[in-house]
Amino acid sequence: MSDYYNAFEISPVPEPGPDAVAPELYRGIYGMPAFVTVPTTDLAASVDFWVRGLGFFELFAIPGTLVHLRRWAFQDVLLVAAESVPEQAPRMSVSFACVLDQVDGLVESCRALRPDSVDGPRDTPWTTRDVEVITPENARVVFTAAKPFDPDSREARDLAAIGIKHPDADENGGHG
């Protein structure tokens, strides 16, 4: 028996696949289950980069103090005015889901605004394509797009070995 189950219906992230389509930007108001707070010494420059480079939009602002940004549902960022920011990006990062067809555009947009801000894209052993971006505030932001799931791949076998099986898998984790 596994405690894991397919719960894509509660997530705005589409199931991985070659035809995955990004959800619309989400403009509704909800209790945020999680969010990121990013201090900035230049709210206008930060908003510009996060909007034009990373694809967020301004949900609302308190002038000179805070700007609430969002992409998909549950992808919330609060840019807050600060007197200083770290001189270099921390090792820690925040990750946001995207879909594969957004990766190239994200890389192009960020490089157009800040040529040295992007590392990647690179494929990971856990079947994603990731792009790391260092924002003007020196935040380390990773955009991660799930690649199509191959039920016969090593990654699928590794997940099955720890009890996470594809919904179409038989009792032994195989496909028939």
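The values are calculated or read from the model by the stated rules, or taken from the named source; none is laboratory data. What you see is a predicted model, and the numbers here were worked out from it, not measured in a lab. Cβ coordinates were reconstructed from backbone atoms using ideal geometry, including for glycine residues, and neighbour counts include every protein chain displayed. SASA here: full protein model, heavy atoms, side chains in, ligands and nucleic acids out. Shrake-Rupley method; radii C 1.70, N 1.55, O 1.52, S 1.80 Å.
Numbers below:
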{"item": "Some residue of segment 95-113 being part of a loop (DSSP other than H, G, I, E, B) and either without any contact (Cβ under 8 Å) to a residue 24 or more places away in the chain or surrounded by fewer than 16 Cβ atoms within 10 Å (Cβ to Cβ) (or both)", "result": "no"}
{"item": "Contacts under 6 angstrom Cβ, first residue in segment 125-151 being in contact (Cβ under 8 Å) with a residue 60 or more places away in the chain and more than 25 Å from ALA45 (Cβ to Cβ), partner assigned to a loop (DSSP other than H, G, I, E, B) and basic (Lys, Arg), 6 or more apart", "result": "THR127/LYS147"}
{"item": "Which numbered condition PRO33 misses (of (1) exposed (fewer than 15 other Cβ atoms within 10 Å of the Cβ); (2) in contact with a strand residue (DSSP E or B) (Cβ under 6 Å, 6 or more places away or on another chain))", "result": "(2)"}
{"item": "Every residue from segment 50-71 that is crowded, with 20+ Cβ neighbours inside 10 Å and under 23 Å from VAL13 (Cα atoms)", "result": "TRP50, GLY53, LEU54, GLY55, PHE56, LEU69, ARG70, ARG71"}
{"item": "Among (1) assigned to a loop (DSSP other than H, G, I, E, B); (2) within 18 Å of the chain's Cα centre (by Cα); (3) of a type outside the set (A, V, I, L, M), the one test that GLU83 misses", "result": "(2)"}
{"item": "Residue within segment 11-19 that is assigned to a loop (DSSP other than H, G, I, E, B), open to solvent by 60 Å² or more (accessible area, probe 1.4 Å) and within 20 Å of VAL107 (Cβ to Cβ) present", "result": "yes"}
{"item": "Options ALA146, ALA156: the member that is closer than 30 Å to ARG52 by Cβ, among the small types (Gly, Ala, Ser), surrounded by 17 or more Cβ atoms within 10 Å (Cβ to Cβ) and at pLDDT below 95", "result": "ALA146"}
{"item": "Options ARG111, ARG52; residue that is more than 18 Å from THR144 (Cβ to Cβ), out of contact with any Leu (no Cβ under 8 Å at 6 or more places or on another chain) and not hydroxyl-bearing (Ser, Thr, Tyr)", "result": "ARG111"}
